[in-house]
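Just so you know, all these numbers are worked out from the coordinates, no wet-lab data involved. Keep in mind it's a predicted model, so treat the numbers as computed, not measured. Backbone-built Cβ (ideal geometry, glycine too); neighbour counts: all protein chains shown.
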Amino acid sequence: MPLLANILGFSAFGLAARVGQLGIQKRNVLDNPGGHLISMGVFGFVGYLAYKWDLRAAELIAEKRASLTERRRQEIAKVEEAGAAALADA
């Protein structure tokens, strides 16, 4: 559902951009519907890519967070071993 919403939102923005472009040029909005479809398709594809990029970024962040957590766990274990060794020597 979020994918569809993202694509439709970007497509709506593409339609609005096309209508705005024709408004600036003072041309008829219903003059060439093929241009509207192309604009909506291109912006919809950008929405699809943005959705996929967001998913991949979330995966990368989760992997980085897991590696940082593991590294911190190893550092804590190393410090605890050093502290235990220091207490045993005293």
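Projecting the Cα atoms of 15, 42, 28 onto the dipole axis of the chain, where Lys and Arg carry +1 and Asp and Glu carry -1 at the beta carbon, places 28 farthest toward the positive end.
Stretching the chain fully between residue 8 and residue 85 yields a gain of 21.5 nm (0.36 nm per residue, less the alpha carbon separation). Assuming charge only on the beta carbon of Lys and Arg (+1) and of Asp and Glu (-1), the dipole of the range 3-89 about its Cα centre is about 580 debye to the nearest 20. I need to check one value: relative contact order of the chain, counting alpha carbon pairs closer than 8 Å and at least 6 residues apart, in percent. So the answer I get is 33 percent.
For residue 19, neighbours were defined as the other residues whose beta-carbon sits under 14 Å from its Cβ, and their charges (Lys and Arg +1, Asp and Glu -1) total +2.
The phi-based Karplus calculation (6.51 cos²θ - 1.76 cosθ + 1.60; θ = phi - 60°) puts the 3J(HN,Hα) values of the range 43-55 at 5, x, 5, 4, x, 4, 5, 5, 5, 5, 5, 5, 4 Hz, whole numbers, x for Gly and Pro.
When exposed loop sites are taken as trypsin sites (Lys or Arg not before Pro) in a DSSP loop with at most 14 other Cβ atoms within 10 Å, the longest stretch of the chain clear of them is 28-90. Note on the chain: Cα convex hull, mean projected area over all directions, 8.9 nm². Considering helices alone, the calculated mean residue ellipticity of the chain at 222 nm is -33000 deg cm²/dmol, with DSSP H runs of length four and up weighted by -39500 (n - 2.57) and normalised per residue.
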